[in-house]
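**Q** One structure is given below, represented as structure tokens, and several questions about it will come after.
No lab work stands behind these numbers, since they all come straight from the coordinates. All figures in this text were calculated on a predicted structure; none of them were measured in a lab. Every residue, glycine among them, receives a Cβ derived from its backbone with ideal geometry; neighbour counts consider all protein chains shown.
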2 protein chains.
Amino acid sequence: MLINDILQILETKGLDAYIVSHGNRFLGQDILESEHKIKHLCGFSGSAGALIIGRKGCFLLVDGRYELQAVQEVDNSRINIVHRIPNISNICSVLEENSMGHIGYDAWCWSATDMSMAQNRFGDLQFTDIGDLVNIDALKPVKVLHRDTKYAGQNVDEKLQIVRDFLARQKADYFLLTAADSVSWLLNIYAEDLPYSPVVRAYALVNVRGNVELFADNLQTDLPCQPMAELVKFLEKTSQKVLYDAWTTPKKIAFAPMKYATDICQKLKTIKNTKELEGMFNCHIRDGVAVTKLLMWLEKNWQGKTELDVVRKLHELRLEQADFFSESFATIAAIGANGAIVHYQPTEKSNKQLRQGELLLLDSGGQYLDGTTDVTRTVALGIPENEKIRDFTCVLKAHIALARQIFPVGTRGSQLDGIARAILWQHGVDYKHGTGHGVACFGNVHEAPVSISNSAKYMFEEHVVVSDEPGVYCEGQYGIRIESLLASVKSEKEGFLEFTTITRVPIDKNLIDVYMLTADERKWLNEYHQTVYDLLVSYMNKEEKKWLKKACSPL
Amino acid sequence: MLINDILQILETKGLDAYIVSHGNRFLGQDILESEHKIKHLCGFSGSAGALIIGRKGCFLLVDGRYELQAVQEVDNSRINIVHRIPNISNICSVLEENSMGHIGYDAWCWSATDMSMAQNRFGDLQFTDIGDLVNIDALKPVKVLHRDTKYAGQNVDEKLQIVRDFLARQKADYFLLTAADSVSWLLNIYAEDLPYSPVVRAYALVNVRGNVELFADNLQTDLPCQPMAELVKFLEKTSQKVLYDAWTTPKKIAFAPMKYATDICQKLKTIKNTKELEGMFNCHIRDGVAVTKLLMWLEKNWQGKTELDVVRKLHELRLEQADFFSESFATIAAIGANGAIVHYQPTEKSNKQLRQGELLLLDSGGQYLDGTTDVTRTVALGIPENEKIRDFTCVLKAHIALARQIFPVGTRGSQLDGIARAILWQHGVDYKHGTGHGVACFGNVHEAPVSISNSAKYMFEEHVVVSDEPGVYCEGQYGIRIESLLASVKSEKEGFLEFTTITRVPIDKNLIDVYMLTADERKWLNEYHQTVYDLLVSYMNKEEKKWLKKACSPL
């Protein structure tokens, strides 16, 4: 259906607006292109957003990363672009501000938490479940694959035991898991349908004896699996104690007698076991080989090439690596002003030629059977101007500040966020995105709840993996971002943690003003480059070795 | 009543536990000594805590500041001291962990938010309002005084207009204000009953025409005022739209048809107007004179003196200052190991002699008619050891890092918290208290919602006042804290803020290792001391001038 059709239905039903979320029943998880309701309705292709189709106006809420992109993709004579984080509070505020009080929504696509927040904080708004009006979500069959314990590091029985113990402690009968990445992690399963995330999109009902039932309508699997409708039937009538996580469970199936509990798998999966850490370290070497070879290729071959040429070349280089599965998100190769569009992806339409004197921002990652990568490097084509060198060095200082920070167990993501931004703020510069996100091991490249951002409540523990990606963006000119993944490890001092950087790709020294670095920062960078050299050199031929040696030589 | 009496009542009523909050009907506001229910029951005298009197055990929840103090004050054979922030979630967790499911409480002493959190997150616990079982709260008559606009900077009509506009926008009839500091700020009134906060403890009902009715049972005032019982009657039966803030309103009077809204005065009062800022600047000079004279006196006279002598002398010096009203909290003068007890206050019983080689931590503040102060200085008696110098210099670096930080409008308190702690964390050191709290202008020395702490969601705006007070505490040895108040002001760069330090007291240079400071830090300190000298010198006699000159000379 299109916006006009939906507006007609609203009129018939006497409703003021219909709200459309980015996700489907697997709230907040990756979606297929064909499932992108908001793109279908208004053209906005970003990976987060909320659309209000209202009789008094249409509103697209997007966060800082997508402000520029939304303007380019959306017809703003029809749709008002609102620069607010697309959460339910902001959606409700926009509804209130525009005097739209009777709202239709699809209770499968909004969490129980979303709707109780809306109810509690915006008592004057009335929400009615009128189901999916967009109707583009056609399910295709998906095969469930089993992940080898040599990669997962822990077998399913061990993981289930933790859930069973939890259920016993809570005197509960069932845990309903509704987050695709929790289910995939718990059962060591994966799938190939999503372009960038190997998760299986299914719900799982785990009972206190450790029996598991999957619920989905399109899975080909040897595991017990029933249609979603059966789950709804069961939940409606059961008198047993079922735990569920209101943040990841659709309002549709959050029946009143069910009990709230945090999905313990969400947190458990963020703490990598020894095998997973080993896998993450190893795949980062192979991924580092691919990205470093790309940088070499680029230096010699950039002339006459386009952003999409870079994307394709990098894909080829990753395909050569052992255990490569897929990219972990759509590669961002952004030249010049495109780099200032934080989540720009080149398309046939937007594709630009690489040009002398410009910066190329390259943000990409891979899914490997043993782990997941995500790395951003910004490189100069030709000799860069002083202004770019100054900004790049500031971003590098911010990146290093976080990478070498020691901090107590339990430190909040927002505290670390301030530490990364401090140096940029001193120069009157900020970036409109988080500093870091959790990264799964062969799972979602954005793994909740680990986060480093202005309001991240997450409390750090040992052995989580998080990105470190400060940036500077000059609209219409250039974008700079430096991103590596960090793993949290015990520090010498009892009760403290520190980060070890696991990404292995040189940082462009042509963009560094060495006089702006402190002795500690220079030492950090030289040691980092030495490690990159040591780990990558054996994968390189003679000519590549020479390039690598130079790229990694001390400042 | 005593714990045993309460336990008997619980048995009679078939309840497992009774929970006792620190506050009274004015949740979270300052209380009189005679109103301290937790102290009455178990001896703990701290300014925050929660007591569970349970048939399966008694538990006192205290935060990091009070861990040592609780151990000293409480009989731990009867009461288990629990080191968790005393909020409702942690209280419920302790109740659950100890299998106490039927809980009695006094619905006047817990906020509507507290109880709905308890209900939503801990569905298995059942709470019953059984009123006040402690019964020590005997009301005394209190006179309401009017604050001159020359200090308040804004008259009552102007302030009421903001509330009226808000009510009109919300299409509401009334705003029920239940926070004592909101009511006092809105009506430019104050009182003298509390030892440290000049707020009037009353509720106010403001209607859309700007009429105000106070509710309290002990006020002597020329303003319209009715007994609390009348308010309950009105709220019970009214069909009009009454807004209330669930965070500051007791569960008792949060009747279902009332509508939730944030108490707008809470935020408005944190943004100081020109007169208030002027008053804050001015009173900090006079307060600086008092504290600086104390430091001079101390240097010459400390031998043979005790902590309480310091408290008394400082009080005398503040009494000499114009427009001094009261202290803003009980002065902390802590020698040696007492300094490691974060909120230690010397009493006749704990009072200790000052000793050579020890550090004295002095944390105090004043209420003046034109503003409120809060300052901590740590000074060495005799020649300090290297370890203390190293720790003091680290704390100073943390203090300066925050004081000279530039940051965007809207930066979260938790982000700034990380920036202050970063340098200490690098040394494997942390402090178990927030970095900063908001400070009112002639009001609460701890003013919500401004905060700089690990989980502070507060977003900074122009013209708020906040403390900057990192510390290092070595249990059994010494405590170091450096605290000044900062005001947020526009920075050069559009959209950014910076701090200006308004506290005027020298920082002990004998405790600084100048080689640990960067050039920027040294410059900051020298400029700070120059300002202190320039502003205080005219209040000093010849001998004092000499001392001040030396104390403020450049490093």
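**Q** Using the 10 angstrom Cβ neighbour count as an exposure proxy, how do B:Asp391, B:Asp309, A:Asp129 rank, fewest first?
**A** Numbers: B:Asp391 26, B:Asp309 18, A:Asp129 13.
Fewest to most other Cβ atoms nearby, the residues stand as A:Asp129, B:Asp309, B:Asp391.
**Q** Okay, next question. Would you mind ranking A:His399, B:His427, A:His446 so that the residue whose beta carbon has the fewest other beta carbons within 10 Å leads the list?
**A** Taking fewest neighbouring Cβ atoms as first place, the list is B:His427, A:His446, A:His399.
**Q** So what's the gap between the Cα centers of region A:502-555 and region A:313-346, to the nearest angstrom?
**A** Centre-to-centre distance over Cα atoms comes out at 22 Å.
**Q** To continue, here is another question. Taking the DSSP beta bridges in the protein assembly as shown as the whole, what percent of them are antiparallel, to the nearest 5?
**A** Details: 118 of 156 bridges.
Rounded to the nearest five, the antiparallel share is 75 percent.
**Q** What is the extension gain from B:Glu462 to B:Lys259, computed as 0.36 nm multiplied by their sequence separation minus the C-alpha to C-alpha distance, in nm to one decimal?
**A** Numbers: separation 203, 0.36 × 203 = 73.08 nm, distance 2.97 nm.
70.1 nm is the gain from fully extending B:Glu462 to B:Lys259.
**Q** What is the spin-label model distance, in nm, from A:Val232 to A:Arg55 if the labels are put 7 Å beyond Cα along the C-beta direction?
**A** 2.7 nm
**Q** Quote the FRET efficiency, to the nearest 0.05, computed for B:Asp513 versus B:Ser89 with a Förster distance R0 of 41 Å and r equal to the Cβ-Cβ distance.
**A** On the way: r = 42 Å, r/R0 = 1.03.
The formula returns an efficiency of 0.45 here.
**Q** Additional query: Would you mind checking the radius of gyration and Dmax of chain B based on alpha-carbon positions, in Å?
**A** Taking only Cα atoms of chain B, I get Rg and Dmax of 23.9, 72 Å.
**Q** Check cross-link reach from A:Lys352 to the aspartates and glutamates: straight Cα distance under 18 Å, and skip same-chain residues fewer than eight apart.
**A** A:Glu73, A:Glu299, A:Glu307, A:Asp309, A:Asp363, A:Glu475
**Q** What spacing in nm lies between the two simple spin-label points modelled at B:Asp217 and B:Ile162, each 7 Å away from Cα in the Cβ direction?
**A** Using points 7 Å along Cα→Cβ, the separation is 3.2 nm.
**Q** Now a separate question. With each run of n ≥ 4 DSSP H residues scored as -39500 (n - 2.57), what mean residue ellipticity at 222 nm is computed for chain B after dividing by its residue count and rounding to the nearest 500 deg cm²/dmol?
**A** -10500 deg cm²/dmol
**Q** Moving on. Between A:Gln126 and A:Met1, what FRET efficiency comes out of the Förster formula 1/(1 + (r/R0)^6) with R0 = 35 Å and r the beta carbon distance, rounded to 0.05?
**A** 0.95
**Q** Which number gives the lysine pairs in region A:33-174 that have C-alpha atoms under 26 Å apart and are eight or more places apart or on different chains? Spell out each step's value before the answer.
**A** Details: A:Lys37/A:Lys56; A:Lys37/A:Lys140; A:Lys37/A:Lys143; A:Lys39/A:Lys56; A:Lys39/A:Lys140; A:Lys143/A:Lys159; A:Lys150/A:Lys159; A:Lys159/A:Lys171.
Lysine pair count for region A:33-174: 8.
**Q** Amide H of B:Ser111 versus every other amide H placed in the peptide plane: which residues, excluding those fewer than 5 positions away on the same chain, fall under 5 Å?
**A** Placed amide hydrogens put B:Lys251 under 5 Å from B:Ser111.
**Q** Oh, and also: Taking Cα centroids, how far is region B:24-57 from region B:160-203 in Å?
**A** Between the Cα centres of region B:24-57 and region B:160-203 lies a distance of 25 Å.
**Q** Now for a separate question. Please report, largest first and rounded to whole Å, the three semi-axes of the ellipsoid equivalent to the protein assembly as shown, where each semi-axis is the square root of five times an eigenvalue of the C-alpha gyration tensor. Intermediate values should be presented prior to the final figure.
**A** Details: eigenvalues 477, 303, 170 Å².
After scaling each eigenvalue by five and taking roots: 49, 39, 29 Å.
**Q** Within 10 Å of each Cβ in A:420-432, how many Cβ atoms from other chains are there, averaged over the peptide?
**A** Mean shielding by partner chains, rounded to a whole number: 5.
**Q** Answer rounded, prolate or oblate for region B:254-310, using the Cα gyration tensor with square roots of eigenvalues a ≥ b ≥ c: rounded when a/c is under 1.5, else prolate when a/b is larger than b/c, else oblate. Before the final figure, lay out the partial values.
**A** Values: a/c = 8.72, a/b = 2.23, b/c = 3.90.
The shape class here is oblate.
**Q** For a footprinting-style exposure proxy, rank B:Leu362, B:Leu32, B:Leu424 by other Cβ within 10 Å, fewest first.
**A** Working: B:Leu362 25, B:Leu32 14, B:Leu424 22.
Going from sparsest to densest Cβ surroundings: B:Leu32, B:Leu424, B:Leu362.
**Q** Provide a whole-number value for the mean count of partner chain Cβ atoms within 10 Å of the Cβ atoms in peptide A:398-410.
**A** Values: counts 0, 0, 0, 2, 2, 0, 1, 5, 7, 7, 8, 0, 2.
Going residue by residue through A:398-410 and averaging, the value is 3.
**Q** Assuming R0 = 25 Å, what is the FRET efficiency of A:Thr531 and A:Lys352, from their Cβ-Cβ distance, to the nearest 0.05? List each step's numbers first, then the result.
**A** Details: r = 34 Å, r/R0 = 1.36.
The computed FRET efficiency comes out at 0.15.
**Q** Using modelled amide H (1.01 Å from N, peptide plane; none on Pro or chain starts), what sits under 5 Å from the amide H of A:Phe442, excluding residues fewer than 5 places away?
**A** Counting only residues 5 or more places away or on other chains, the set is A:Tyr368, A:Gly371, A:Thr372.
**Q** Could you let me know the centre-to-centre spacing of region B:259-280 and region B:100-157, using Cα atoms, in angstrom?
**A** Each part reduced to its Cα centre gives a spacing of 21 Å.
**Q** Report, in order of residue number, the helices in chain B meeting two criteria: a C-alpha extent of 24 Å or more along the helix axis, and a mean Kyte-Doolittle hydropathy of at least -0.5; treat each whole DSSP H run as one helix.
**A** On the way: long enough: B:274-301 (40 Å, -0.16); B:386-403 (25 Å, 0.27); B:519-536 (26 Å, -1.08).
Taking the DSSP H segments of chain B (at least 24 Å long, mean hydropathy at least -0.5), we get B:274-301, B:386-403.
**Q** Now, a different point. Please go through region A:152-217 and write out the trypsin sites (Lys or Arg not before Pro) that DSSP classes as loop and that have at most 16 other C-beta atoms within 10 Å.
**A** Working: sites: A:Lys159, A:Arg164, A:Arg169, A:Lys171, A:Arg201, A:Arg209; in loops: A:Lys171, A:Arg201, A:Arg209.
Passing both the DSSP loop test and the Cβ count: A:Lys171, A:Arg209.
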